[in-house]
1. Can P207 be described as loosely packed, with under 14 Cβ neighbours inside 10 Å, of a type outside the set (D, E) and within 26 Å of the chain's Cα centre (by Cα)?
2. When you go through (1) exposed (fewer than 13 other Cβ atoms within 10 Å of the Cβ); (2) of a type outside the set (G, A, S); (3) at pLDDT 95 or above one by one for F167, which number turns out not to apply?
3. Can you tell me which residue is nearest to D199 (Cα to Cα) among those in segment 123-163 that are among the charged types (D, E, K, R) and either in a strand (DSSP E or B) or without any contact (Cβ under 8 Å) to a residue 24 or more places away in the chain (or both)?
4. Quick one: would you say F104 is aromatic (F, W, Y), surrounded by 13 or more Cβ atoms within 10 Å (Cβ to Cβ) and touching a strand residue (DSSP E or B) at 6+ places or on another chain (Cβ under 9 Å)?
5. Name the pairs: first residue in segment 65-88 and in contact (Cβ under 8 Å) with a residue 60 or more places away in the chain, second residue hydroxyl-bearing (S, T, Y) and open to solvent by 30 Å² or more (accessible area, probe 1.4 Å), Cβ to Cβ under 9 Å, at least 6 apart or on different chains?
6. Does Y241 qualify as being touching a residue at least 40 places away in the same chain (Cβ under 8 Å), surrounded by 12 or more Cβ atoms within 10 Å (Cβ to Cβ) and under 22 Å from the mean Cα position of the chain (by Cα)?
7. Select, from A91, A79, A33, the only residue that is modelled with pLDDT under 75, among the aliphatic types (A, V, I, L, M) and open to solvent by less than 60 Å² (accessible area, probe 1.4 Å).
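The values are calculated or read from the model by the stated rules, or taken from the named source; none is laboratory data. In this text, all values refer to a predicted model and were calculated from it rather than measured experimentally. Note that each Cβ is placed from the backbone with ideal geometry, even for glycine, and that neighbours are counted across all protein chains shown. Surface accessibility is based on the protein's heavy atoms, side chains included, excluding ligands, DNA and RNA. Shrake-Rupley method; radii C 1.70, N 1.55, O 1.52, S 1.80 Å.
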Amino acid sequence: LFDLMNSIVENSSREQKMTLLCAHPDLCAKIDALKKLTKSSQEEQSSAGLGSLTDEERERFSIMNSNYRTKFGFPFILAARHVTKYTVLSAIEGRLELPTDSEFVGALYQVSKIAWMRLLALFKITGQKGFLTCHVLDTANGCPGANMRIQLHRITPTEHAGLVKEFVTNDDGRLPGGPALKDEEFIVGVYQWTFFAGDYFSRKNMPTNGVQFLDEIPLRFGIDDPEEHYHVPLLVSPWSYSTYRGS
């Protein structure tokens, strides 16, 4: 369904695409105007904290929004379901500097993201093919991070928030028993790994400070597609760490 909707937009004329963009509500709608929007728009704008803008933020956003519409001829559009008001303010400020053709394409991409997230929210997804994995690599010793304790928390959706699972990595630095999440547990949302690196390096008898520079390492990430593999590893030493989305 999403691919069909995208193809319809892609094959439309520029005039039709402009009509689509202009039909979108302004993100800077006043609190009193939120009740006039669709339920999905209300949820998205409320989750972004747009109803809690300070007077100064509201004035700043209103000015930028007006300048945006004047420059591009359509309202500022942002998939706001999983962002904060600070993200919204930063996005409109940056996108005001873009050339018209680039922003036209970018705005349509935001419409596509909104459609994707609304479809996911409307339908109960079952039989997911996606899954979540992890791998810890000890860059200080050049070896897998074996026997490191890891926790996985779900941040959103809020009705499913909390500690999901706890693991201890195997000799290869991977999670025992396979993926951390799969099937019905693999829900679109925001997650957080917590790596107990301080305990790990203490076990390795690594020289560290009295107050460890890195102890518990929180790593927050998002899962957007229930059909994809998300590999979120940790490369770590007592003094640094990094991650990436692998495969």
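1. Values: loosely packed, with under 14 Cβ neighbours inside 10 Å: yes; of a type outside the set (D, E): yes; within 26 Å of the chain's Cα centre (by Cα): no.
No: the conditions fail for P207.
2. The one condition F167 does not meet is (1).
3. Kept after step one, since they are among the charged types (D, E, K, R), are these residues of segment 123-163: 124, 129, 138, 149, 154, 159.
Remaining after also requiring either in a strand (DSSP E or B) or without any contact (Cβ under 8 Å) to a residue 24 or more places away in the chain (or both): 124, 138, 149, 154, 159.
Working: K124: 40, D138: 13, R149: 8, R154: 23, E159: 31 Å.
The selected residue is R149.
4. Numbers: aromatic (F, W, Y): yes; surrounded by 13 or more Cβ atoms within 10 Å (Cβ to Cβ): yes; touching a strand residue (DSSP E or B) at 6+ places or on another chain (Cβ under 9 Å): no.
So F104 does not fit the description; no.
5. Close Cβ pairs (under 9 Å, with a partner that is hydroxyl-bearing (S, T, Y) and open to solvent by 30 Å² or more (accessible area, probe 1.4 Å)) amount to H82/S47; H82/T156.
6. On the way: touching a residue at least 40 places away in the same chain (Cβ under 8 Å): yes; surrounded by 12 or more Cβ atoms within 10 Å (Cβ to Cβ): yes; under 22 Å from the mean Cα position of the chain (by Cα): yes.
Criteria met by Y241.
7. Values: A91 fails: modelled with pLDDT under 75; A79 fails: modelled with pLDDT under 75.
Answer to the selection: A33.
Residues checked against (1) under 30 Å from A115 (Cβ atoms); (2) part of a strand (DSSP E or B):
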residue	(1), (2)
V190	yes, yes
S202	no, no
P207	no, no
G210	no, no
L214	no, no
F221	yes, yes
E227	yes, no
L235	no, yes
W239	no, no
